[in-house]
Amino acid sequence: MLGFVIQRFLQAVMVMAVMSVIVFFGVYAIGNPIDIVIPPDATQEIRAEAIRRLGLDRPLYEQYFIFITNLLQGDMGRSFVYNVPVLELIGGRLPATLELVLISVISATVLGVTLGIYAGYRPDSWVSKTIMAVSVLGFSVPSFWVGLILILFFAVNLGWLPAGGRGETVLIWGTAWSFPTLNGLSHIALPAINLALFKLAMMIRLARAGTREIMLTDTIKFARAAGLSEATILRRHLLKLISIPIITVFGLELGSTLAFAVVTETIFSWPGVGKLIIDSIAVLDRPVMVAYLILVAFLFVTINFVIDLVFALIDPRVRHGASA
Amino acid sequence: MMNRTFFAPLAFTLGLTAAVAASAQTLTMGVRGGPESLDPHFSALGSHAEAAKHIFDTLVWSGTDLQIEPGLATSWKPIDEDTWEFKLREGVKFHDGSDFDAEDVKFSIERIPVVTGPTTTAIYVRRVASVDIIDPYTLHINTDGQAATLPNDFIRLFIVSSDAAADYSTPETASQGFNSGAATIGTGPYKFVSWVPNGDLVLERNDDYWRGMGAWETVIRKEIPNDSSRLAALKAGQVDIINYVSSVDYLALERDASIDAVTGDSVYIMNLQLDQREETPMVRAIDGSDLDENPFRNILVRQAIDQAIDRETMVDIVLEGLGRPANQMMPPGFFGSNDSIPMSEYNPDRARELLTEAGYPEGFEVDLYCTADRLPGDAAICQGLGQMLTQVGIKTNVNAISRTVYFPAQARLDYSMFMNGWGTLTGEASYTLGGLAHSNDPEVKLGAFNRIQYANPEVDMLLQAGAKMMDPVERRATYEEAMEKVMADKAYISIVQLQTVWAAQAGMLEFEPRFDEDTLAFFITPAS
């Protein structure tokens, strides 16, 4: 087990190192960020001074070396654009994204798996057919369009929910969260639905496919022969057996949504990290881009690691395979 | 916000008086961009300055048409070749009750070069050599040589409190002090309450404001970058006014009785720029072979391009009417705009003849680059240009790209023919001609944005002379002459002046559009 952890840890460090090099050199190849943000009446001297202040006049390898040295001391640098430490900047936005993503991914999973099991358990009923038809929509309609339609329908025409923004927040452990207030929840609703649609469709399909396969296996036959009720069979046996792919996808989706909820955050003016990274790319705010992508790499490695551990807990086959 | 959503239809049934009474308390503005920090000296970005103007005052004020007016300074005059005297407004108080005086101005000027970010505010004080306090309400500002446009430079010189900001004036501490509100003490019409980066800036009225009391007790400035979302927020009643309505939405709004749209002229003019170097990278013969010389160095080719552009169509079709044909790099009426410059005539036949005369009967091929995400309509104008030029024989490959890629490449002089907008934010010509039309010469600090290596010795001479003329009449004539010469050379070809659209709940607000496109709560009043 320890070997496994060390191996994963080294893997994470490698991924993050490669990521930092790619981003660092990639951004450099696009051009000088100063030329995007400099005001039009700056003189040559002022431009040179601005470049020098950001350290962009040094050779690239030296800039990278300085960055790595600072990183090893726990300093990820300061944003060119906002002039605050990058970690503080990302940390300030993370709660907004976190609550939005957790709410949408978890509700998509709970609802999607329930509907999917039903659709797999009674594949021929009209309800199942409706569920499957709707799930096709979830896959095929682009999320920015759905977002705008949601706004148009629920905010503009009906006026039930706000069109964007984060609403009231309360401070918990020094960070602002929207979900504990009714007003905050009303602001979360539309972006969460927007984010959840695709995942909901995927969860339905995964759960249905798994259910149909498992229902035909001997496990279910023996369970029925043993006189277990259908509800117990579904809960105790089926759910466990179909959960491996679902957990894998849950983890990956959680990671990718956390990292790249950009479209939804932009349409709903949700001040999260997705919007931060897109803004940073637009002005080549390199410290933010590098730090953010390193954190994302770290996030994915962590999630994969946790998923592996959860597999072992849930599925006896994995557990015994690992210990053998 | 929930309250407003519920209240809007209710107020409707109760009648107009109730609606005005309710909205007289709070103004919620949905704006495209926000400040990058609440330190007014950090960035020269337009949206940054716009937000700062709510909390802080500038030394010199720029009015609706960008004319300079007294701000925290009541009067100014040059007292010798390199000294300006500024008289300050007496009796002005900061939000914390302390008095405003010369010390705060000196502190602010000296603070700028220390704390500025990459969108450098150093431009506002670039001509300042030193500041002498004569008495609490008189300052002498010594400049490096004659600085005729110093008052224009000061229209975005925000004055912070020398006491409140004393501890927050290093690059490391500045943003922290201002973002938390500790140093966010100004003399402006509104006081800081709270700010979420990229979210809401909440302000409350400064009852002791020297211009008088604002109409709104509370102002909320919401950042909503997506154009459709901003409009949706307005329609849903979440906000009272929005800026930067897109031209497509503008057409739809004209049929919508619940929303008022207000159109204002913008300072931004789209200029086509033609590389003047001997060798230029992105031009070739129709068959793909190299040309002997850069065709853009030939005045006949440049005239042909000018005559190939149908500016009326650009405005009416491409911009949906939201613009005006342009014949020079500044809007009419600005200090240094020249009324005698004729509007270029659209004449594709003449353009073909000119190309033949210039020795290109077959035309040639060029890659045109433009920004696609910076100003309204930039990509569409680019495509229009491509078609118009191709029609007269200049095969034009249109590349409308992100400003993130465009500006660094433009600065590396990668392009032969390119177009982007330029806004004369100070309202006078030294800003525009000094940056674009003078040959790029760091010695005299001019021509920093001349990315086509345009050089006309006569223009250089006029611009250098103009920068030193203290007499406004003489200076104006000099810049007008320079403008005429630059436009006659047609290395810069102005195409259209853009217009900006604001939208508000119908019949609720009174608001006069500003040339610099700022949306300022103090100058927005409830409809009477």
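Rule-based calculations on the coordinates, nothing more; no lab input. None of the values given here were measured: they were computed from a predicted structure. Quick reminder, even Gly has a Cβ in these numbers, built from the backbone with ideal geometry, and neighbours come from all protein chains shown.
In plain terms, the residue of B:ARG89, B:ARG302 with the fewest other Cβ atoms within 10 Å comes first and the most crowded comes last, giving B:ARG89, B:ARG302. Considering all different alpha carbon pairs of segment B:55-94, the Kirkwood hydrodynamic radius works out to 11.3 Å. Rounded to whole numbers, the Karplus 3J(HN,Hα) couplings from phi for segment B:293-298 are 8, 6, x, 6, 7, 8 Hz, using 6.51 cos²θ - 1.76 cosθ + 1.60 with θ = phi - 60°, and x at Gly and Pro.
Taking Cα centre as origin and charging only the Cβ of basic (Lys, Arg, +1) and acidic (Asp, Glu, -1) residues, the dipole magnitude of chain A rounds to 1260 debye. Residues A:ARG58, A:ARG53, B:ARG221, arranged from fewest to most other Cβ atoms within 10 angstrom of their Cβ, appear as A:ARG58, A:ARG53, B:ARG221. What separates the Cα centres of segment B:386-402 and segment A:168-200 is a distance of 47 Å. The amide H of B:ALA400, built 1.01 Å from its N in the peptide plane, has B:CYS370 as neighbours under 5 Å, considering only residues 5 or more places off or on other chains.
Along each principal axis, taking the top coordinate minus the bottom one, the Cα set of the protein assembly as shown gives 104, 73, 62 Å in descending order. By the Cα gyration tensor, segment B:301-393 has an equivalent ellipsoid whose semi-axes, rounded to whole angstrom, run 24, 18, 12 from largest to smallest. Footprinting exposure proxy ranking of A:SER186, B:SER289, fewest other C-beta atoms within 10 angstrom first, gives B:SER289, A:SER186. Normalised radius of gyration (Cα atoms, divided by 2.2 N^0.38 Å) for segment B:235-351: 1.48. The Cα trace of segment B:357-491 gives Rg and Dmax of 16.8, 51 Å, the first to one decimal, the second as a whole number.
Cα centroid separation, segment B:140-210 to segment B:411-465: 30 Å. If you bin all the Cα-Cα distances of segment A:210-263 at 10 Å, starting from zero, the percentages per bin are 23, 37, 20, 15, 5, 0.
Over all pairs of different C-alpha atoms, segment B:60-179 has a mean inverse distance whose reciprocal, the Kirkwood radius, equals 14.9 Å. Projecting the Cα positions of B:GLY386, B:SER340, A:SER229 onto the charge dipole of the protein assembly as shown (unit charges on Cβ atoms of Lys, Arg, Asp and Glu, taken about the Cα centre) puts A:SER229 furthest along the positive direction. With a Förster radius of 60 Å applied to the beta-carbon distance between B:MET461 and A:ILE6, the computed FRET efficiency rounds to 0.25. Can you tell which of B:GLN307, B:LEU251, B:LEU322 lies farthest toward the positive end of the dipole of segment B:242-322, using +1 and -1 charges on the Cβ of basic and acidic side chains (Lys, Arg; Asp, Glu)? Of B:GLN307, B:LEU251, B:LEU322, it is B:GLN307. For chain A, the relative contact order works out to 27 percent when only alpha carbon pairs closer than 8 Å and six or more residues apart are counted. Each listed q (0.11, 0.19 Å⁻¹) maps to a log10 I(q)/I(0) for segment A:19-116, found by the Debye formula over equal Cα scatterers with no solvent: -0.53, -1.03. What is the distance in Å between the Cα centroid of segment B:82-136 and that of segment A:1-74? First find each Cα centre; the distance between them is then 35 Å. Using only the C-alpha atoms, the convex hull of segment A:150-195 corresponds to 61 Å³ per residue. For B:GLU357 and A:LEU102, a Förster radius of 60 Å and the Cβ-Cβ distance give a FRET efficiency of 0.30, rounded to the nearest 0.05. Could you tell me which of B:ALA129, B:VAL262, A:ILE22 has its Cα farthest along the dipole of the protein assembly as shown towards the positive end, charges placed at Cβ (Lys, Arg +1; Asp, Glu -1), taken about the Cα centre? Positive-most Cα among the choices belongs to A:ILE22. Shape descriptor for chain B: Rg over Rh equals 0.99 (Cα atoms; Rh from the Kirkwood inverse mean 1/r).
With R₀ set to 30 Å, the beta-carbon distance separating A:ARG52 from A:GLN73 gives a calculated FRET efficiency near 0.85.
Axis of helix A:2-30 versus longest Cα principal axis of chain A: the two differ by about 50°, to the nearest ten degrees.
The helix-based estimate of mean residue ellipticity at 222 nm for chain A, built from -39,500 (n - 2.57) per DSSP H run of four or more residues and divided by its residue count, is -24000 deg cm²/dmol to the nearest 500. Taken one residue at a time, the phi angles of segment B:76-92 give Karplus couplings (6.51, -1.76, 1.60, θ = phi - 60°) of 8, 7, x, 9, 8, 3, 10, 9, 10, 9, 10, 9, 9, 6, 8, x, 7 Hz. Gly and Pro are set to x. Per the Kirkwood formula applied to alpha carbons, segment B:103-255 shows a radius of gyration over Rh ratio, Rg over Rh, of 1.05. Legend: distances between Cα atoms for B:LYS87/B:LYS445; B:LYS191/B:LYS235; B:LYS445/B:LYS485; B:LYS445/B:LYS468; B:LYS53/B:LYS106; B:LYS93/B:LYS222; pairs beyond 24 Å are B:LYS87/B:LYS445; B:LYS191/B:LYS235; B:LYS93/B:LYS222. Taking only the alpha-carbon positions of segment B:190-275 and ignoring solvent, what does the Debye formula give for the base-10 log of I(q)/I(0) at q = 0.13, 0.21 Å⁻¹? Computed log10 I(q)/I(0) values: -0.63, -1.08. Packing-based ranking of B:94-103, A:111-120 yields A:111-120, B:94-103, ordered from highest to lowest mean Cβ neighbour count within 10 Å. Here segment B:96-161 has an Rg and Dmax of 12.1, 38 Å, counting Cα atoms alone. 3J(HN,Hα) along segment B:102-108: 4, 4, 5, 5, 4, 4, 5 Hz, from the Karplus curve 6.51 cos²θ - 1.76 cosθ + 1.60 with θ = phi - 60°, whole Hz, x for Gly and Pro.
Projecting the alpha carbon convex hull of segment B:463-528 along each direction and taking the average yields 7.7 nm². Its relative contact order, with pairs defined as Cα atoms under 8 Å and 6+ residues apart, puts segment B:272-393 at 31 percent. The charge dipole of the protein assembly as shown, taken about its Cα centre with unit charges on the Cβ of Lys, Arg, Asp and Glu (plus for the first two, minus for the last two), comes to roughly 4820 debye.
The alpha carbons of segment B:148-218 give a radius of gyration and a Dmax of 14.1, 40 Å, in that order. Considering only Cα atoms, the convex hull volume of chain A works out to 185 Å³ per residue.
A Cβ-based charge dipole, computed about the Cα centre of segment B:62-200 with Lys and Arg at +1 and Asp and Glu at -1, lands at about 360 debye.
Extending 7 Å from the Cα toward the beta-carbon at both A:ILE30 and B:GLU279 defines two label points whose distance is 2.9 nm. In plain terms, if you count all Cα to Cα distances in segment A:115-229 and split them into 10 Å steps from zero, the share in each step is 13, 27, 25, 19, 12, 3 percent.
For segment A:189-324, the alpha-carbon coordinates run over 65, 39, 18 Å along the three principal axes, in decreasing order.
Relative to the first principal axis of the alpha-carbon coordinates of chain B, what is the inclination of helix B:472-489, with its axis defined by its Cα atoms, in degrees from 0 to 90 and to the nearest 10? It is inclined by approximately 40 degrees. In segment B:345-407 the Cα-Cα distances spread across 5 Å bins starting at 0 as 4, 19, 23, 18, 15, 10, 8, 2 percent of all pairs. Across chain B, C-alpha contacts under 8 Å between residues 6 or more apart give a mean separation that, scaled by the residue count, equals a relative contact order of 19 percent.
Here the Kirkwood formula, the inverse mean of 1/r across different C-alpha pairs, assigns segment A:183-222 a hydrodynamic radius of 12.4 Å.
Measure nothing but the geometry: give the 0 to 90° angle between the long axis through the Cα atoms of B:46-55 and the longest principal axis through the Cα atoms of chain B, rounded to 10°. Computed tilt is about 20 degrees.
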